1. Could you tell me what percent of the accessible area of the range 170-273 is made up of carbon and sulfur, with a 1.4 Å probe and every protein chain present?
2. Once a ≥ b ≥ c are taken as the square roots of the eigenvalues of the Cα gyration tensor of the range 52-127, is the result rounded (a/c under 1.5), prolate (a/b larger than b/c) or oblate (a/b not larger than b/c)?
3. Choose one of CYS390, SER439, THR410: the residue whose Cα lies farthest towards the positive end of the charge dipole of the range 386-461 (beta-carbon charges +1 Lys, Arg; -1 Asp, Glu; about the Cα centre).
4. Can you give the net charge of the other residues whose Cβ lies under 14 Å from the Cβ of HIS514, counting K and R as +1 and D and E as -1?
5. About the Cα centre, and with charges only on the beta carbon of Lys, Arg (+1) and Asp, Glu (-1), how big is the dipole of the range 330-433? Nearest 20 debye, please.
6. Under 20 Å from a point 7 Å along the Cα-to-Cβ line of ASP555: which residues of the range 516-545 have their amide N that close?
7. List the residues whose amide H sits under 5 Å from the amide H of PHE330, counting only those 5 or more places along or on another chain, with H placed 1.01 Å from N in the peptide plane.
8. With +1 on each Lys and Arg Cβ and -1 on each Asp and Glu Cβ, and nothing else charged, work out how big the dipole of the chain is about its Cα centre, in Debye to the nearest 20.
Amino acid sequence: QEVCDETYPTYAGNLTMCPLCDEDCSYWKLKTSCLASRITYVFDNEATIFFAVFMSMWATMFLEFWKRRQFQLSYEWDLVDYDEERDLIRPEYEAQVTRERLNPITGDMEPYLSTKDKYTRTCFSLVTVFFWILVIIAAVFAIIVYRLAISAIFAVSIDLSSLGAIGTFATPAMLTTITASLLSLIVIMLLNKVYEKVALWLTELELPRTQTEFEDRFTFKMFCFQFVNFYSYLFYIAFFKSTITGSPGNYNYLFGEWRWEECDAGGCMYELSIQLIIIMFGKQLWNNIVELVLPWAQTKYRQWKSQKVSAEMKDNEYTRWEQDYDLNQFKEMDLFYEYLEMVIQFGFVTLFVAAFPLAPVLALINNIIEIRLDANKFICELRRPLAHKCSDIGAWYYLLEFIGNLAVVTNAFTIAITSEAIPKLVYYYVYSLEIYPESTYVGYVNNSMSYFNTSDFDLRSVPNNRDPFGEGNVTVCRYPGYLSPPNANPPYAFTTQYWHNIAGKLAFIIVVEHVVFLLKRLLDYLIPDRPRKLRDKIRREHFLVQNMMFKAETDK
């Protein structure tokens, strides 16, 4: 309300803000970021902290109840002790490893990869993974450079006053955020295909002994690539963008040429929300289209070829077995990508849920659609798969647990650094009492904007138009921050309120992290991994087996 209303000083919409770029950018009114402030308030309000804590608890409960469900399924399928029987050597391992040694358990000679060779392959694989992670970071850096270049172009070329109602939405900051998010989505989807081949090549190069080892190593590599690919740009917006910009008269520049982009006056939360919406929705939409359209098109093409051959051979009968043979073959790693999609979605739902609380709703809608698409794919578009036994989901559980623990940290830092929640609370309980008789949020926006004397701009930051509003030359402009005014001694130094905000943010991070982690450990302790009924049933079975063995031994 304060950003959108022009009545000064109670409301701050008519404040003249410092230019967003050098030379060509002019001064602007705070009310032009009205829409961004409204979007921010939708997701960044008093309920944000409690919702983030709730989602951290939900992630813990989800994993705890999944462990119980997993054990129940393992028992029903008689796979509780199946891990010992899975240690079968991969054919690729036997074909490429020439050295043999005696297995102390089986007493048979089996292929053996020397320790030196094993560590050499592993080190090469780790270095290659690190290199490709740097490639992902370079792609993110390229998108950041695009933002720096295009934000200045949008700020100069777009006349908001001529756009009417559209101008309230199509602000330079909004257009920069949307186009950069779409570009980031395209880069992410393209890099995914590259990293899949790299991860598979590196895993085969390491020569894992068993299929379990192969799947676990491939899983960790793909997760590392996907984690950096999907989340690195979100981490930049949430934790780095607002801290490297600088302030008027002391801006930071990339390569000494491009000024680092500033967050909107309402903060970076709305940019983080838009980035999450576009990446999450775009990824789910693309995956669903690929899973639905591609198998259907491949099946129809093969069926068309088979029918054409049958017609040429004057045999019009297109038998059932021919139709089944023309379906897509179920590949050994097909389920891997289903799990990977769910784990990445779990990260979207938990890591930055404080910035976009509607992420769980999008995930729920996607999963409802995904269930039906997978049912159609497995029943109508794929041949019957060969069953492989396993007692659990392997490395995926540890990755989910890692994301759940990381979500506590990222949400705490998002609320403390990116959100305006802590500065608002400091103003409400401390600084508003210096102006009003009781605690209030009124006047917070004006209080959070510092003053800058336009004569203190360096030469390249001075705007071309010094009188953009017909009110005379602008002598003082405002910018987000808690710095002393130009007439203070010393000027543009951090104020006491700035340090109070830092102390409040630090205290919030420490308290929330410790409380949430304590609650997570408490839930982990209170919820047993195995249901009591099944545990007693297994003990009963072991007891009966021991009695039968004792009886058989006695009879003998």
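The values are calculated or read from the model by the stated rules, or taken from the named source; none is laboratory data. Predicted model, so just to flag it, every value in this text is computed and none were measured. No Cβ is skipped: glycine too gets one built from the backbone with ideal geometry, and neighbour counts run over all protein chains shown. Each accessible area value is taken on the protein alone, full model and side chains, heavy atoms only, with ligands, DNA and RNA left out. Shrake-Rupley method; radii C 1.70, N 1.55, O 1.52, S 1.80 Å.
1. Answer for the range 170-273 is 66 percent, counting heavy atoms of protein chains only.
2. oblate
3. Among CYS390, SER439, THR410, the one farthest towards the positive end of the dipole of the range 386-461 is CYS390.
4. Computed value for this residue: +1.
5. 120 debye
6. 541-545
7. Residues meeting the criterion, in which the H sits 1.01 Å from N, are ARG383.
8. 720 debye
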